[in-house]
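Asker: Dumping the structure here so I can ask a few things about it.
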Amino acid sequence: MKKEDITIELKQIIEPYVQNQVAFENMTAETSFISDLEINSAHLVDIILDVEDKFDIRIENEEMEQMTTVGASIEIIQNKVS
Amino acid sequence: MLGNDVVDLKLAKQQIRWNTKAFQQKVLHPKEMNQYNSSPLSYNDFWKIWSIKETAYKAHQRNKNHRPKFNPFDFLVEINSSTSSKVILDNYEYNIISFVTDKYIYSYTASNDVYSVQNFDLNLKNTFYNEGLKRQYLNNRVIKNEYGIPFLLENNKAVPISITHHGSYFAYLR
């Protein structure tokens, strides 16, 4: 799966939880879910569950730990779906 | 140690999956699940343990000064009593007080040299109730380091501060 396609899918997943729309529109790989998009930390669990469903993968706890930015999440997803 | 976390129990209802095993397994260690008779945990039990973990995370991130992580699993909560709990990680021990009402749950690192200010009343030692407290009151006085850890600017000094805001509730600890 291409990085661009994963990015599009991921954007759809995170959109309902985003509180900072400006940061969402200007999203880059470095964008942080919590400090930039102002996503409530409990919603990170929702995002992980949605990612698992959408890409049909299982995110291990060590991987979840790193999924605090858009770029890190895309990389983890890409390695799993390959 | 400095960490606090408030959960607005009305707003937390938006977490529509909170009571699924899939959701709770991402947050709770099997050892924690075993402390309770019911699995998944009840609403208040779950959000209480969540707020304890968030509190310990904030205190620990400041101690280690590490980049943000999402590792609720690492913070193993030992419940001592209805108000007191303990988290031990990397040789650090965090003693945490939790205050549970039907509207909110508030947890903070208990210590004689810190105090908490909230827009809700706790009626506990070293806590101050300020009904009109607003997040904006702190906004232009708070700076964050490279990892997002907050400090309050006061008399040209950067004083460590922990801030929590969820729904109608706001508190800081310093």
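The rows are residues; the columns are (1) closer than 21 Å to B:Pro72 by Cβ; (2) touching a residue at least 12 places away in the same chain (Cβ under 8 Å).
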| residue | (1), (2) |
| --- | --- |
| A:Phe33 | yes, yes |
| A:Ile39 | yes, yes |
| A:Asp53 | yes, no |
| A:Gly71 | no, yes |
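Asker: Which residues, taken from the stretch B:3-21, are open to solvent by 60 Å² or more (accessible area, probe 1.4 Å), within 13 Å of chain A (Cβ to nearest Cβ) and in a loop (DSSP other than H, G, I, E, B)?
Answerer: Within the stretch B:3-21, the first condition is being open to solvent by 60 Å² or more (accessible area, probe 1.4 Å), and the residues that meet it are B:10, B:13-14, B:16, B:19, B:21.
After this cut, where a residue has to be within 13 Å of chain A (Cβ to nearest Cβ) as well, the list is B:13-14, B:16, B:19, B:21.
B:Ile16, B:Asn19 - these are the residues of the stretch B:3-21 that are open to solvent by 60 Å² or more (accessible area, probe 1.4 Å), within 13 Å of chain A (Cβ to nearest Cβ) and in a loop (DSSP other than H, G, I, E, B).
Asker: Same structure, new question: Would it be correct to say that B:Asp102 is within 30 Å of B:Phe73 (Cα to Cα), open to solvent by 80 Å² or more (accessible area, probe 1.4 Å) and at pLDDT 95 or above?
Answerer: Values: within 30 Å of B:Phe73 (Cα to Cα): yes; open to solvent by 80 Å² or more (accessible area, probe 1.4 Å): yes; at pLDDT 95 or above: yes.
It is true that B:Asp102 is within 30 Å of B:Phe73 (Cα to Cα), open to solvent by 80 Å² or more (accessible area, probe 1.4 Å) and at pLDDT 95 or above.
Asker: Now, a different point. Among the candidates A:Ile74, A:Ile48, A:Ile59, which residue alone is modelled with pLDDT of 95 or more, outside any helix (DSSP H, G or I) and out of contact with any strand residue (DSSP E or B) (no Cβ under 9 Å at 6 or more places or on another chain)? Walk me through how you get there before you give the answer.
Answerer: Numbers: A:Ile74 fails: outside any helix (DSSP H, G or I); A:Ile48 fails: outside any helix (DSSP H, G or I).
Being modelled with pLDDT of 95 or more, outside any helix (DSSP H, G or I) and out of contact with any strand residue (DSSP E or B) (no Cβ under 9 Å at 6 or more places or on another chain) holds for just one of A:Ile74, A:Ile48, A:Ile59, which is A:Ile59.
Asker: Does the stretch A:1-49 hold any residues that are open to solvent by 20 Å² or more (accessible area, probe 1.4 Å), β-branched (Val, Ile, Thr) and over 24 Å from B:Glu146 (Cα atoms), and which are they?
Answerer: Hits for the stretch A:1-49 are A:Thr7, A:Ile8.
Asker: For B:Phe73, all conditions in the list (1) among the hydrophobic types (A, V, I, L, M, F, W, C); (2) in a strand (DSSP E or B); (3) within 14 Å of chain A (Cβ to nearest Cβ) hold save one; what is the number of the exception?
Answerer: (2)
Asker: Kindly indicate whether A:Ile57 is more than 26 Å from B:Gly167 (Cβ to Cβ) and over 13 Å from the mean Cα position of the chain (by Cα). Give the derivation first.
Answerer: Details: more than 26 Å from B:Gly167 (Cβ to Cβ): yes; over 13 Å from the mean Cα position of the chain (by Cα): yes.
Criteria met by A:Ile57.
Asker: Next question. Any residue at all in the stretch A:58-69 that's more than 14 Å from every other protein chain (Cβ to nearest Cβ), in contact with a helix residue (DSSP H, G or I) (Cβ under 9 Å, 6 or more places away or on another chain) and crowded, with 17+ Cβ neighbours inside 10 Å?
Answerer: Narrowing the stretch A:58-69 to residues more than 14 Å from every other protein chain (Cβ to nearest Cβ): none.
No; the residues of the stretch A:58-69 include none that is more than 14 Å from every other protein chain (Cβ to nearest Cβ), in contact with a helix residue (DSSP H, G or I) (Cβ under 9 Å, 6 or more places away or on another chain) and crowded, with 17+ Cβ neighbours inside 10 Å.
Asker: Which residue, of A:Ile39, A:Ile34, is within 12 Å of the chain's Cα centre (by Cα), closer than 22 Å to B:Ile49 by Cβ and more than 10 Å from every other protein chain (Cβ to nearest Cβ)? Please lay out each step first, then the result.
Answerer: Details: A:Ile34 fails: more than 10 Å from every other protein chain (Cβ to nearest Cβ).
The unique qualifying residue is A:Ile39.
Asker: Please go through the stretch B:137-164 and pick out each residue that is within 19 Å of the chain's Cα centre (by Cα) and open to solvent by 90 Å² or more (accessible area, probe 1.4 Å).
Answerer: Listed by number, the list holds a single entry, B:Lys144.
Asker: When the residues of the stretch B:27-42 are narrowed to those that are more than 19 Å from the chain's Cα centre (by Cα) and in contact (Cβ under 8 Å) with a residue 40 or more places away in the chain, which ends up farthest from the other protein chains (Cβ to nearest Cβ)?
Answerer: First pass over the stretch B:27-42, keeping only residues more than 19 Å from the chain's Cα centre (by Cα): B:30-31, B:33-40.
Of the ones still in play, those that are also in contact (Cβ under 8 Å) with a residue 40 or more places away in the chain are B:31, B:35.
On the way: B:Lys31: 14, B:Gln35: 19 Å.
In this case the residue turns out to be B:Gln35.
Asker: Let me ask something else about it. B:Gln24 versus (1) buried (at least 20 other Cβ atoms within 10 Å of the Cβ); (2) facing chain A (nearest Cβ under 10 Å); (3) under 17 Å from A:Ile34 (Cα atoms): which is the lone unmet condition?
Answerer: Looking at each condition in turn, B:Gln24 falls short on (3).
Asker: Only one of these is touching a helix residue (DSSP H, G or I) at 6+ places or on another chain (Cβ under 6 Å) and either open to solvent by 10 Å² or more (accessible area, probe 1.4 Å) or under 30 Å from B:Thr20 (Cα atoms) (or both): B:Lys134, B:Lys48, B:Lys86, B:Lys53. Name it.
Answerer: On the way: B:Lys134 fails: touching a helix residue (DSSP H, G or I) at 6+ places or on another chain (Cβ under 6 Å); B:Lys48 fails: touching a helix residue (DSSP H, G or I) at 6+ places or on another chain (Cβ under 6 Å); B:Lys86 fails: touching a helix residue (DSSP H, G or I) at 6+ places or on another chain (Cβ under 6 Å).
One residue alone meets the criteria, B:Lys53.
Asker: In the stretch B:70-83, which residue that is of a type in the set (S, T, N, Q) and in contact with a Ser or Thr (Cβ under 9 Å, 6 or more places away or on another chain) is most open to solvent (accessible area, probe 1.4 Å)?
Answerer: My answer is B:Ser82.
The values are calculated or read from the model by the stated rules, or taken from the named source; none is laboratory data. Being a predicted model, the structure only gives us computed values, none of them experimental. Note that each Cβ is placed from the backbone with ideal geometry, even for glycine, and that neighbours are counted across all protein chains shown. Protein only, heavy atoms only, side chains kept; ligands, DNA and RNA dropped before computing areas. Shrake-Rupley method; radii C 1.70, N 1.55, O 1.52, S 1.80 Å.
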